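To keep things clear, I will list the structure first and then write my remarks on it.
The values are calculated or read from the model by the stated rules, or taken from the named source; none is laboratory data. Model, not experiment: these values are computed from the prediction. Every residue, glycine as well, gets a Cβ built from its backbone with ideal geometry; the counts of neighbours run over all protein chains shown. Calculation scope for accessible area: heavy atoms of the full protein, side chains included, ligands and nucleic acids excluded. Shrake-Rupley method; radii C 1.70, N 1.55, O 1.52, S 1.80 Å.
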Amino acid sequence: MPPDRAWKPRPGMNREARAAEQDRAAGSRLARAVECGEGRYARASIALRVYRSTRRIRAYLRWSQEGETQERYVGEVDAETRAANLAQAWKMAHAAGYVTTETLPPDSWASSPASRAVMSANKGRDTKPEKLLRSALHRRGLRYRVGIRPVPDLRRTADVVFTKARVAVFVDGCYWHGCPEHHRPAKKDATFWREKIAGNRARDLETNEALRDAGWLVIRVWEHQDPDEAAQEVSQAVRSRQHIPPSVGNQG
């Protein structure tokens, strides 16, 4: 039988590590695309399996389409390591035309397929900084709601919300919200991105003002901030406001 290192993933690999492993083997995240028609793509991965009857490693291409997992046999691989076998399988999949390299849609705002991949991977919620902050808050005995509108009639969603204390916490990404410490202006399509970030910052200020007018305390945390320090700030604010009566008409 082939050795485990030739086909088995490392123990304890999480979803992000597995995706990174596939990206490296394929050459890039964009090279893992399966065409689904009408300019749409699905992100595929390679699964390696050993069959005792043949004692050989077989590679399968897997992706999700319309909520169902699809699978296609790619071929047999024979390298000594899993990384080499994944790379070999991706080359075979490209040569057979099973996968392609994703191209930029005509109506995309991104300046390149690579930047579009970064934008697509950017989560709207449950980012790593958000999870770290929430864990730190939970350790301090605080309970909260996640990803809701503090004021139902106001179309603004906060990342962490303390409804009784009326404290709304936003975890802002350094690039998208123009962090003065870490933001680096884009060199390509500089005017577009400068206006985009400026618009985001203006919306942040508008959100702060609207929530404060409704009786809420707004706390903004940069993604680079230490989660424990940020949690301490939030904790003090929440505990100091727990007995403030809700404003008239505020159902948050």
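Output the relative contact order of the chain, whole-number percent, from Cα pairs under 8 angstrom with separation of 6+ residues.
Values: 351 pairs, mean separation 37.6, N = 252.
RCO, the chain: 15 percent.
Below 15 angstrom from the Cβ of residue 180, what's the summed charge of the other residues (Lys, Arg +1; Asp, Glu -1)? If you can, show how the numbers build up before the last one.
On the way: positive: 184, 194, 201, 220; negative: 172, 181, 204, 223.
After counting each charged neighbour, the total is 0.
Report, for the chain, the % of DSSP beta bridges that are antiparallel, rounded to 5.
Numbers: 27 of 33 bridges.
Taking every DSSP beta bridge with both residues in the chain, the antiparallel ones total about 80 percent.
For segment 9-51, what is the charge dipole size about the Cα centre, in debye to the nearest 20, if Lys and Arg each add +1 at the Cβ and Asp and Glu each add -1 at the Cβ?
160
Using helices alone, what [θ] at 222 nm do you get for the chain, with -39,500 (n - 2.57) per DSSP H run of 4 or more residues, divided over all residues and rounded to the nearest 500? Could the numbers behind the result be given before it?
Working: 6 runs with 86 residues, N = 252.
Helices in the chain give a 222 nm mean residue ellipticity of -11000 deg cm²/dmol.
Which of the cysteines in the chain are isolated, no other cysteine C-beta under 4.7 Å?
36
Just to confirm my numbers, what's the Cα centroid distance between segment 156-196 and segment 210-226 in Å?
Segment 156-196 and segment 210-226 have Cα centres spaced 11 Å from each other.
Whenever you get a sec, compute what percent of the accessible area on the chain sits on carbon and sulfur atoms (1.4 Å probe). Kindly include the intermediate steps, with their values, before the conclusion.
On the way: 7410 of 15420 Å².
On the chain, the fraction of accessible area on carbon and sulfur atoms equals 48 percent.
Can you find, among 27, 17, 37, the residue farthest towards the positive end of the dipole of segment 4-44? Put +1 on the C-beta of Lys and Arg, -1 on that of Asp and Glu.
Sorting the options by dipole projection puts first 17.
For the chain, what is the accessible area per residue in Å² when the probe is 1.4 Å?
Working: 15420 Å² over 252 residues.
Heavy-atom SASA per residue in the chain reads 61 Å².
Taking the Cα centre of segment 170-221 as origin, sum charge times position over the Cβ atoms of Lys and Arg (+1) and Asp and Glu (-1), and report the length of that vector in debye to the nearest 20. Walk me through the numbers before you get to the answer.
Numbers: 9 positive and 8 negative charges, 61 e Å.
The dipole of segment 170-221 has a size of about 300 debye.
Do any GluC sites (Glu not before Pro) in segment 168-234 lie in a loop, going by DSSP, with at most 13 other beta-carbon atoms within 10 Å of their beta carbon, and if so which? Don't jump to the answer; show the numbers that get you there.
Numbers: sites: 181, 195, 206, 209, 223, 229, 233; in loops: 181, 223.
When the GluC sites (Glu not before Pro) of segment 168-234 are filtered for loop state and at most 13 Cβ neighbours within 10 Å, 181 remain.
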